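Please read the structure below before turning to the comments.
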Amino acid sequence: MTIDWWTLGLQTINVLVLVWLLGHFFWRPVAAMIEQRRAAVQKTLADAEAKRAQATAALADIERTRTGFAREREAILKAAQENAEQARNARLTDTAKEAAALEDAAKTRIAKEQEDAEKAWTARSSHLAVDIARRLAGRLDGPSVRTAFLGWLLKEIGRLPDATRQAATEDGILLQAVSATPLEVSEQEHCRQAIADAFGAKPQITFTADPTLIAGLELHGPDFIVANSWRADLNQILTDLAHDNRS
């Protein structure tokens, strides 16, 4: 086999020229295009990664917001429940206080009504007892009873202030001796003398009868009254009973 070196050399030169031409006019633009494409792809991937990161961050924000909403909802529900419980407890407390106040008012009213009823019955009983005593005492008016009341009258005159006794015996002063029943003339003179002895002077005395005294002998002056009768005693008893009932 014979090698044609000229042909081989020309082919080699052609190959070299072709390689140079391809490298200069084809491979460089293609490489540049490939590099541009690769850069574009990398940029697209970077943008996609950035958007994915943004989406992830947005999802995280949404999740945090949703978690915050859930917590806020729980807090609102808890606060509402606590407020409702407080309002319920306050209402129960107010209701209990109102019930206690109504109960106390009812007890007070019942106690007052019972007290008033007891006072009314006591007053009626007192008046009835005094009325019975008055009727019984009305049957006991006699000389011995009048003598006893005269003695009590003289003691009461002795207890009067000196100025009162002296004023009662001055000229122009008229005293009135009041008995439950009219006195005989002899009884009047006896009483007049006894009263004069008690005053230490002779006052002017007139005698009159007042059946409402029941029994007794009273002496009325311009500025004093010596109450000395069963009417006065019974009225005092009735007053004392009424005072005890009020106490």
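Derivation of every value follows stated rules applied to the coordinates shown; laboratory data play no part. These figures come from a predicted structure and were not determined experimentally. All Cβ positions, even for glycine, are placed from backbone atoms using ideal geometry, and neighbour counts span all protein chains on display.
A few points about this structure:
- Rh by Kirkwood over Cα pairs, then Stokes-Einstein D for the range 57-113 at 1.306 mPa s and 10 °C, µm²/s: 105
- In plain terms, the bigger the Kirkwood radius, the slower the diffusion; for the range 141-246, with that radius from Cα pairs, at 25 °C and 0.890 mPa s, Stokes-Einstein puts D at 172 µm²/s.
- Length gained when the stretch A99-D61 is fully extended (0.36 nm per residue, less Cα-Cα span): 8.2 nm
- Taking a straight Cα-Cα cut-off under 29 Å and skipping sequence neighbours fewer than 8 places away in the same chain, the lysines within cross-link reach of K202 are K155.
- Length gained on full extension, Q204 to T108: 28.6 nm, using 0.36 nm per residue less the C-alpha separation.
- The length gained by stretching the chain between Q176 and A70 to full extension, at 0.36 nm per residue less their Cα-Cα distance, is 27.7 nm.
- On the basis of the beta-carbon distance and an R0 of 41 Å, A242 and Q86 show a calculated FRET efficiency of 0.15.
- Loop-located GluC sites (Glu not before Pro) in the range 144-193, at most 13 other Cβ atoms within 10 Å (DSSP): E170, E184
- Spin-label model, V15/A194: points 7 Å from Cα along the beta carbon direction are separated by 18.5 nm.
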